[in-house]
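The values are calculated or read from the model by the stated rules, or taken from the named source; none is laboratory data. What you see is a predicted model; the values in this text were computed from it and never measured. Cβ placement follows ideal geometry from the backbone for every residue including glycine, while neighbour counts extend to all protein chains displayed.
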């Protein structure tokens, strides 16, 4: 027999961002609970609203499958005496396994004969197992922030108010603090009535919620919101501004979907689009409306969680709230336009960037100096434009609009720079130097914005590492991982061959006054941190971290464009039949060189054995060709040429004793191996790649 499992955790309203992760975490935990007990089941799914997290699992078996295992005990010579009778050791083993001593048998193993017992454990009863284990699994669901109420031992994302737990039509009895499980759910807080709604299974649960004004299925709620917003936008000749993030958020803000169309005065459209969108989206969770050309219309759509007799009441209320926000935005915008960005520069002295790193004005100067070094290194000639963009890049932080709407920093700087008569390239750079702001965001479209953005992020990274504000585990309060990824993405997207090690030296020198350890240590930590971020990027291409490690090792300049090319070539090289032989040769050379002089004189005249001469000839023949290919970044071809080293290297190690008693000969052979190692390292340090496994 099997039955469907229904588990609903009813709560006070959860923040929208909590719901989807908690739904999935709860489902995973309940499924794992069944799997661990070998209880067969069908498909599982999760539902959720701000007031409930629900798991439904079909066809849960009444019992788990029985488990038979074999347990080895003491050696037979210890478990049984000369007459075959069990000893005290055998009795202790049987007692530990929960069987009679007569159940013990003998079994032959590679290590001799041992006492053994087969123990069969009956499968757990599903209802009893779930009732006993569900409370712990429910309370283990993680939340960004949890609350305690009533019982101080209980914490959850928000206080738990009811629990539905049914296997078939039978209640699974347990308690979460003062709340006992049962068969009664709750409907919508307004439309569902005050009385609990009885449930006798999955089918009646979904029907009960529907009658109670709740759309429990998130995808259905999302679809209803999307459709309602689209219809109302079309009714005023427009379309909804695409905003998947807002759609996801609103899906978990409501249990009932009631779209309402609102409007605002057209004169507010004089305010920059981004400010209007921020006021609507971030502050009010409204969907903006635009025409077919992408121009905003003076309308919005909001999703109400309640049905009202007169939707105009809801509309007027939302319009009034938005009107106040937009009036503030327009006022701030008009005030800001009265003062040029360049005249705001000194005001940055009053903005603390970091207590150990000074003001935002000081940061601007560091960005300017770093950009002035980066620009020529990246082939940019117009240093005056770079400097002007760097000088203005943070000035909008002290504008009224950014003070009210921090989300539009940079964007407003671009608008104001253009209004001040700055060149279009400077205005664009001020806007774009923040890009990318998040995963999947656009990259800077012009070189000036890209180089200022690099300078800004490298200074932030250097400053943070200088004062010890580094990511730990999952914690990254200053977004340093995101900034490091942005540095690499900008370099890769523009194909900029930057000596990153040198650039990090420049950045760290700019914050030398704040260093809490040696500059070289900070630069090394930063380089490793950035390489780790590139490993994250390249993993999406199937390139392993050890391959990237090989690409950036071996004495090569830390250049992320070049490192990506080397890593791609090395990833393919791992599949060559000769790869393992060359890898072993590189490892063997490294081991032989340990404890030997770092440099030894090359004496090819002393290398007269056939295997020695063959290897010398191979190195002399391949060296220039492989190096030339590497210099042209034709790394795959360079590695293909290295295949020819396998046989002479193998023959050398098979027949030649490197550590000869004659010191002069020994050094000549070590010098030859040094030349082989240098040749093998032309593309990367092969010893870093994990091939043996």
Legend entry - Wholly within the range 118-221, strands (runs of 3 or more DSSP E) carrying at least 3 residues that are farther than 23 Å from residue 15 by Cα, out of contact with any helix residue (DSSP H, G or I) (no Cβ under 7 Å at 6 or more places or on another chain) and free of Cβ contacts under 8 Å to residues at least 60 places away in the same chain: 179-182
Inset, instruction - State yes or no: is residue 396 at pLDDT 95 or above, in contact with a helix residue (DSSP H, G or I) (Cβ under 9 Å, 6 or more places away or on another chain) and under 30 Å from residue 269 (Cα atoms)? - result: yes
Inset, instruction - From the list 459, 499, pick out the single residue that is in the same structural domain as residue 394 (by TED's automatic domain parsing) and loosely packed, with under 15 Cβ neighbours inside 10 Å. - result: 499
Inset, instruction - Among the helices (runs of 4 or more DSSP H) lying completely within the range 329-433, list those that include at least 3 residues that are surrounded by 22 or more Cβ atoms within 10 Å (Cβ to Cβ) and in contact (Cβ under 8 Å) with a residue 24 or more places away in the chain. - result: 360-377, 383-392, 411-419, 424-432
Legend entry - Candidate set: the range 90-106, residues that are in contact (Cβ under 8 Å) with a residue 24 or more places away in the chain and surrounded by 15 or more Cβ atoms within 10 Å (Cβ to Cβ); chosen: the one nearest to the chain's Cα centre (by Cα): 97
Inset, instruction - Would you check which residues across the range 147-167 are modelled with pLDDT under 95 and surrounded by fewer than 18 Cβ atoms within 10 Å (Cβ to Cβ) and list them? - result: 147, 148, 149, 150, 151, 152, 153, 155
Legend entry - Test for residue 445: is it out of contact with any strand residue (DSSP E or B) (no Cβ under 8 Å at 6 or more places or on another chain) and assigned to a helix (DSSP H, G or I): no
Legend entry - Residue among 459, 420, 428, 469 that alone is over 23 Å from residue 564 (Cβ atoms), modelled with pLDDT under 95 and touching a helix residue (DSSP H, G or I) at 6+ places or on another chain (Cβ under 9 Å): 469
Inset, instruction - Sort out which residues of the range 557-594 are touching a helix residue (DSSP H, G or I) at 6+ places or on another chain (Cβ under 9 Å) and surrounded by fewer than 14 Cβ atoms within 10 Å (Cβ to Cβ), and write them in order of number. - result: 557, 577
Inset, instruction - Within the range 666-693, work out how many residues are under 13 Å from residue 589 (Cα atoms) and part of a helix (DSSP H, G or I). - result: 14
